[in-house]
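Visitor: Below is one structure. I have some questions about it.
The values are calculated or read from the model by the stated rules, or taken from the named source; none is laboratory data. Small disclaimer: the values here were computed from a predicted structure and weren't measured. When we count neighbours, we look across all protein chains shown, and the Cβ atoms used for this are built from the backbone with ideal geometry, even at glycine.
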């Protein structure tokens with residue numbers, strides 16, 4: 001009887017937590033320890049090429065950087081909650097550099113042909129409040145890590161992941177191509193006196209052939225930002241709260257950079273800084289063939305905005321970064337103040353081929369919206385009500 005009971009007890013013991021491999025499938029279950037990153041990294045090592053990785057339901061703690069650049073023909077399934085711990089001292093010293101503006105990341109993936117499916121269950125929790133409080137409204141704290149970076153990644157599909165309280169940017173795509181990211185839910189919200197600051201939803205750089213569909217983003221900066229040397233980008237059905245919505249830039253800072261062939265469509269922006277806009281440094285390069293189509297917004301500071309001298313708001317006319325063939329079509333909503341558009345193009349490289357159709361922007365408190373334009377083509381279809389001063393600011397604090 002004792003032997004039988006012992007056998008039953010043995011059979012009832014669950015599989016060991018951590019990482020288990022069966023054939024080409026690696027399954028990671030919560031260990032209950034202070035760090036599950038080693039188990040996840042082991043799964044990437046053993047099943048990251050021509051295999052499958054299952055990160056099951058449950059709570060996982062991530063206490064170390066995860067860097068995997070050799071994925072190949074791998075399907076990754078995540079159903080659990082991944083929490084990055086709040087050891088700021090560790091992360092600032094160990095986050096992985098990603099070159100752009102001295103940024104770094106906590107989680108970097110690269111390789112050829114892989115997918116990450118969250119099934120609407122995966123949750124990435126960054127313990128961001130700790131970062132927001134330590135950062136104290138600063139913008140670029142050294143070592144503050146991007147949540148997820150695709151780096152030299154090709155043929156990638158990401159779907160069904162939720163982010164809450166990211167440390168910094170939610171996602172960054174660099175040196176990558178043929179990337180599709182769908183059904184993502186992002187939210188950075190501070191509960192203290194300090195703002196989230198620079199918690200972008202998405203940034204691309206040196207990448208091409210990217211599709212973004214069905215996103216909901218609440219963040220403290222650009223919602224979807226297309227940065228230098230990006231081309232062939234399609235963004236559809238995105239709702240942005242408290243953010244910069246759809247943005248080209250910034251680019252051209254100490255480098256010749258370009259952005260080509262971008263379509264944003266079916267966008268909603270609620271209580272945001274901007275809606276459909278372009279920002280560059282006074283540099284060299286070009287922005288060409290960009291369309292903002294079917295935009296609806298409420299209470300947006302400056303819905304349509306172009307600046308060739310972002311942040312410093314000086315030396316604007318020295319810019320040789322050409323902005324051309326940009327279309328705004330079916331853009332409707334309310335501006336926070338009495339400016340619908342502030343467009344200042346460099347005298348050194350005036351904007352050409354700007355086109356506007358079906359623009360209906362009204363100040364939320366009534367009255368007529370101003371449309372300020374300088375150094376752009378006169379056949380744009382936009383009825384300018386005045387000139388835009390050089391160095392026009394991105395954010396207004398009242399009526400112009």
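Visitor: Just the residues that are more than 19 Å from residue 220 (Cβ to Cβ) and surrounded by fewer than 24 Cβ atoms within 10 Å (Cβ to Cβ), please, taken from region 291-308.
Guide: 291, 293, 294, 296
Visitor: If a residue has to be surrounded by fewer than 23 Cβ atoms within 10 Å (Cβ to Cβ) and in contact with a helix residue (DSSP H, G or I) (Cβ under 8 Å, 6 or more places away or on another chain) to count, how many in region 165-194 make the cut?
Guide: 4
Visitor: Here's something else I'd like to know. Taking region 383-396 on its own, how many of its residues are over 14 Å from residue 303 (Cα atoms), in a loop (DSSP other than H, G, I, E, B) and out of contact with any helix residue (DSSP H, G or I) (no Cβ under 8 Å at 6 or more places or on another chain)?
Guide: 6
Visitor: Could you run through region 246-262 and say how many residues are in a strand (DSSP E or B) and crowded, with 24+ Cβ neighbours inside 10 Å?
Guide: Adding up the residues that qualify gives 6.
Visitor: Among the listed residues 374, 324, 378, identify the single one that is out of contact with any helix residue (DSSP H, G or I) (no Cβ under 7 Å at 6 or more places or on another chain), exposed (fewer than 15 other Cβ atoms within 10 Å of the Cβ), closer than 21 Å to residue 292 by Cα and free of Cβ contacts under 8 Å to residues at least 60 places away in the same chain.
Guide: After applying the criteria, what remains is 378.
Visitor: Okay, moving on. Based on what the data block shows, is residue 339 over 17 Å from residue 246 (Cα atoms), modelled with pLDDT of 95 or more and crowded, with 20+ Cβ neighbours inside 10 Å?
Guide: So residue 339 passes the test.
Visitor: Please specify each residue of region 221-232 satisfying the condition of being assigned to a strand (DSSP E or B) and either surrounded by fewer than 24 Cβ atoms within 10 Å (Cβ to Cβ) or under 13 Å from the mean Cα position of the chain (by Cα) (or both).
Guide: Of everything in region 221-232, those that are assigned to a strand (DSSP E or B) and either surrounded by fewer than 24 Cβ atoms within 10 Å (Cβ to Cβ) or under 13 Å from the mean Cα position of the chain (by Cα) (or both) turn out to be 224, 225, 226, 231, 232.
Visitor: Checking the structure you have, find out if any residue of region 197-220 is surrounded by fewer than 24 Cβ atoms within 10 Å (Cβ to Cβ), assigned to a loop (DSSP other than H, G, I, E, B) and touching a helix residue (DSSP H, G or I) at 6+ places or on another chain (Cβ under 7 Å).
Guide: yes
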